[in-house]
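Visitor: Take this structure first; my questions come after.
The values are calculated or read from the model by the stated rules, or taken from the named source; none is laboratory data. Bear in mind that the values here come from a model prediction, so they are computed numbers and not experimental data. With ideal geometry, Cβ positions are generated from the backbone for all residues, glycine too; neighbour counts draw on all protein chains shown. The area values use the complete protein model at the heavy-atom level, side chains included, leaving out ligands, DNA and RNA. Shrake-Rupley method; radii C 1.70, N 1.55, O 1.52, S 1.80 Å.
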Amino acid sequence: TQLLEQSPQFLSIQEGENLTVYCNSSSVFSSLQWYRQEPGEGPVLLVTVVTGGEVKKLKRLTFQFGDARKDSSLHITAAQPGDTGLYLCAGGSYIPTFGRGTSLIVHP
Amino acid sequence: SAVISQKPSRDICQRGTSLTIQCQVDSQVTMMFWYRQQPGQSLTLIATANQGSEATYESGFVIDKFPISRPNLTFSTLTVSNMSPEDSSIYLCSAGTSGRAFARNEQFFGPGTRLTVL
């Protein structure tokens, strides 16, 4: 079983601050996904990274896949209250493994 | 992508009863999954719903407790049987579509069913 360690587990920050969430494993992944889940909703796919060293940007969110395809990071610039939610990384073939999640609260 | 709906969105049930959750996808999909989630925590895979055959269950989950049906490529049900308060959780249905999304292991989720067992 491929395991994904996600950190930090909780983040509580003020609007305008920057933050980074990490997703690490000892296994190599063919692809890795990041999802965001808001209360009362299911997870929504944000991005998939597939190439080692790949960087993808989604407005104020920057996703990076490690060169060895064992880790990934999500960086949010100038966080806003609308960024509040549970961020999940997932990876693996056929049936993805999910990280424990990072619960982010952005205070206005 | 795929749009997924679930019914019911929430329910409060008595101990010992059963609840069936329905999952409908707006297009034919290759894979369908059922997850359980405690609020604010990660997802635990219950089983993969296979079209036309028995579901594939993960360790710790059994068919007698969580029978699953998948009669076609757009619909699945999960039943939580003989419920106890420990079954209180959010139950999520997801689908993996075909083509590039499937090759990249992307999943699309329903909004979830929040179950409380008294």
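Visitor: Between B:SER53 and A:LYS57, what's the calculated FRET efficiency when r is the beta-carbon distance and R0 is 41 Å? Round to 0.05.
Guide: Numbers: r = 42 Å, r/R0 = 1.02.
My answer for the efficiency is 0.45.
Visitor: Follow-up question, since we're still on this one. Assign one of three labels to region A:24-79, namely rounded, prolate or oblate, based on the Cα gyration tensor with a ≥ b ≥ c the square roots of its eigenvalues; rounded applies when a/c is under 1.5, prolate when it is not and a/b is larger than b/c, and oblate otherwise.
Guide: Working: a/c = 2.30, a/b = 1.46, b/c = 1.57.
It is oblate, given that a/c is not under 1.5 and a/b is not larger than b/c.
Visitor: A further question on this structure: Working out 0.36 nm times the residue gap between B:GLN28 and B:SER69, then minus their Cα-Cα distance, what length gain in nm do you get to one decimal?
Guide: Working: separation 41, 0.36 × 41 = 14.76 nm, distance 1.56 nm.
Gain on extension, B:GLN28 to B:SER69, equals 13.2 nm.
Visitor: Which distance in Å, rounded to a whole number, links the C-alpha centroids of region B:43-118 and region A:34-68?
Guide: With region B:43-118 and region A:34-68 each reduced to a Cα centre, they are spaced 24 Å.
Visitor: Would you tell me the accessible area of B:ILE4, worked out with a 1.4 angstrom probe on the heavy atoms of the protein chains, in Å² to the nearest 10?
Guide: Around 20 Å² of this residue is reachable by solvent.
Visitor: Mind grabbing the accessible area of B:TRP34 for me, 1.4 Å probe, Å², rounded to tens?
Guide: 0 Å²
Visitor: Something else now. Quick check on the protein assembly as shown: helices-only [θ] at 222 nm, where DSSP H runs of length 4 and up contribute -39,500 (n - 2.57) each and the sum goes over total residues. Nearest 500, please.
Guide: Estimated from H runs of four or more residues: -500 deg cm²/dmol.
Visitor: Determine the shielding of peptide A:37-50 by partner chains: average, over its residues, the number of Cβ atoms on other chains within 10 angstrom of each Cβ. The partial results should precede the final answer.
Guide: Numbers: counts 8, 0, 2, 7, 5, 15, 10, 2, 7, 0, 1, 5, 1, 3.
Partner Cβ neighbours, averaged per residue: 5.
Visitor: Just to be sure I understand: with springs between alpha-carbon atoms less than 10 Å apart, which residue in B:PRO71, B:PRO85, B:PRO39 has the highest mean-square fluctuation in the Gaussian network model of chain B?
Guide: Comparing B:PRO71, B:PRO85, B:PRO39 in the GNM, the peak value goes to B:PRO39.
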